[in-house]
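Structure first, commentary second.
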There are 2 protein chains.
Amino acid sequence: MLLYGYFRSSAAYRVRIALNLKGLDYDNRFIHLQKNDQLSADYAAINPQKLVPALVDGGHVLTQSLAILEYLDETHPQPALLPADPLGRARVRAIAQAIACDIHPINNLRILRYLVKDLGVSEEKKDAWYRHWVETGLQAVESLLTTNPGTGRFCHGDDPGLADICLVPQIANARRFKCDLSACPTVERIGAECDKVPAFAAAAPGRQPDAE
Amino acid sequence: MLLYGYFRSSAAYRVRIALNLKGLDYDNRFIHLQKNDQLSADYAAINPQKLVPALVDGGHVLTQSLAILEYLDETHPQPALLPADPLGRARVRAIAQAIACDIHPINNLRILRYLVKDLGVSEEKKDAWYRHWVETGLQAVESLLTTNPGTGRFCHGDDPGLADICLVPQIANARRFKCDLSACPTVERIGAECDKVPAFAAAAPGRQPDAE
């Protein structure tokens, strides 16, 4: 498989973790988001949405990180990223989407650029925007974790899965932007558990060949 | 089943379409987002994330619209919202997420409120923000539809599914905010096809009991 990614892309980070958990080898193509490589005609021919990641498997291009994670789980079922029961699957997907839909897209590079360039927002207020959505978003995730007995060593039970795969890159972003996670002890505890898992550690931005 | 929703919530609209397609009866509880009903302690006890929709099935609370749609498809498989093959499923999910992750969250009520109240953005620039993300987002969806032979009468093949369920509420929002969809003829064609399907038509905001 071939992964089009970028060391700092949270969405690519998710796919790297999943590939590692599944023990799947892959080659990298690096799309430098700060240099706008994703807007090139060459890359648009691969992913018309002009976002990373894109995963090529047997000549087929897959896009959108959550769709890629589900695809990997369907085509390489072990270890499972989702529980077997529909209610458990719905819970894990809901936690994943609370991050992938309700936090991450609001703080994407293109959004931050629009705030500064089109709306004239100061760097200080842009950073406050970033921290606001990460902090309120992760507090909501914290409440999903603390109000449900399904939470274990990881977000759901004692094995890492889809929700943890989304959580860890969001925690990494939170740390990079110095967000206050003091109201999120369960989020931090699970993040520390994930850090101990080699599949997560090897996927970290700082360990990628294109890291700066 | 019991659906906590709001007539204008795109995410609740998605769940209404899916329940109708599956032929599932449900009762409504209306959470008035403009009046901040979603922030009440009573509702937070149901959905700690304080967002709609929430679906109660057999005493279990499900949240996040895409997770609810997958749950309904797993527990009530006919008619299927996803194709049977992993590549097709990945494609449909990617189109759905291109809307549910990359367009909708950026234009959510709480985001628009932050722009105006915290960043002092004018109504005019707020509306331009809204149109920008809808127009560029739906143009990306258009490109996903036109560059793939899987597109049929609907987003994937000739039966409505998960991607169409996400597309229709986004088109409704685009029309309400007078977005320019002239670059999205396939999106508009599929939207018109969906309008002919009673399950979609009955789920429209204007047909809900809480519509204003």
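Compute the signed sum of charges (Lys and Arg +1, Asp and Glu -1) over the other residues within less than 11 Å, Cβ to Cβ, of A:E70.
+1
With the label 7 angstrom out along Cα to Cβ, how close does B:S40 come to the same site in each of the other copies, in nm, nearest first?
Computed spacing set for this position: 5.5 nm.
Output wanted: per-residue J couplings in Hz (rounded whole) for region B:45-55, from phi through Karplus 6.51 cos²θ - 1.76 cosθ + 1.60, θ = phi - 60°, x for Gly and Pro.
5, 8, 10, x, 7, 6, 10, 9, x, 9, 10
Under a crude label model (7 Å from the Cα following the beta-carbon direction), how far is A:H132 from A:Q78 in nanometres?
So the two model labels end up 4.9 nm from each other.
Compactness ratio of chain B: Cα Rg over 2.2 N^0.38 Å, N = residue count?
Output field value: 1.00.
Determine ³J(HN,Hα), in whole Hz, for all residues of region B:75-90 in sequence, where each value follows from phi through the Karplus function 6.51 cos²θ - 1.76 cosθ + 1.60 and θ = phi - 60°; x replaces Gly and Pro.
Running phi through 6.51 cos²θ - 1.76 cosθ + 1.60 with θ = phi - 60° gives 8, 9, x, 10, x, 5, 8, 10, x, 7, 8, x, 5, x, 4, 5 Hz.
Which listed residue (B:N108, B:P205, B:G150) has the Cα farthest towards the positive end of the charge dipole for region B:62-212, taking +1 on Lys and Arg C-beta and -1 on Asp and Glu C-beta about the Cα centre?
The residue sitting most towards the positive pole is B:N108.
What residue among B:A140, B:A54, B:A41 has the largest mean-square fluctuation in a Gaussian network model of chain B, using Cα springs under 10 Å?
Of B:A140, B:A54, B:A41, the most mobile in the Gaussian network model is B:A41.
Report, please, the projected area of region B:86-200 averaged over directions, based on the convex hull of its C-alpha atoms, in nm².
Approximately 7.3 nm², given one-decimal rounding.
Using only C-alpha atoms and all pairs of different ones, pull out the Kirkwood radius for region B:26-67 in Å with one decimal.
After inverting the pairwise mean of 1/r, the radius is 10.7 Å.
Long-range amide H contacts for A:N28: which residues qualify at under 5 Å (H placed 1.01 Å from N, peptide plane, sequence gap of 5 or more or a different chain)?
A:L3
Provide the convex hull volume over Cα atoms per residue for the protein assembly as shown, in Å³.
Considering the Cα atoms of the protein assembly as shown, their hull volume per residue is 136 Å³.
Convex hull over the alpha-carbon atoms of region B:2-79: what's its volume per residue in Å³?
Normalising the Cα hull of region B:2-79 by residue number yields 80 Å³.
Could you work out how far apart the two model spin labels at B:H60 and B:E124 are, taking each label as a point 7 Å from the Cα in the direction of the beta carbon, and quote it in nm?
Here the answer is 5.2 nm between the modelled labels.
With the label 7 angstrom out along Cα to Cβ, how close does B:L109 come to the same site in each of the other copies, in nm, nearest first?
Nearest to farthest, the other copies are at 3.4 nm.
Taking the label point 7 Å from Cα in the Cβ direction, how far apart in nm is A:Q139 from each other copy of itself, listed shortest first?
Reported distances to equivalent positions: 3.7 nm.
What ³J(HN,Hα) values, in whole Hz, does the Karplus curve 6.51 cos²θ - 1.76 cosθ + 1.60 give for region B:147-164 when θ = phi - 60°, with x put for Gly and Pro?
Couplings: 9, 9, x, x, 5, x, 4, 10, 4, 9, x, 10, 10, x, x, 3, 5, 5 Hz.
For each pair in A:K50/B:K117; B:K22/B:K196; A:K196/B:K50; A:K125/B:K125; B:K35/B:K117, compute the distance between the two Cα atoms and list the pairs where it is over 21 Å.
With Cα atoms farther than 21 Å apart: A:K50/B:K117; A:K196/B:K50.
Readers should treat all values here as calculations from the given coordinates under stated rules, not as data from a laboratory. Just so we're clear, the structure is a prediction, and the values are computed from it rather than from any experiment. So basically every Cβ, Gly included, is an ideal-geometry build from the backbone, and we count neighbours across all protein chains shown.
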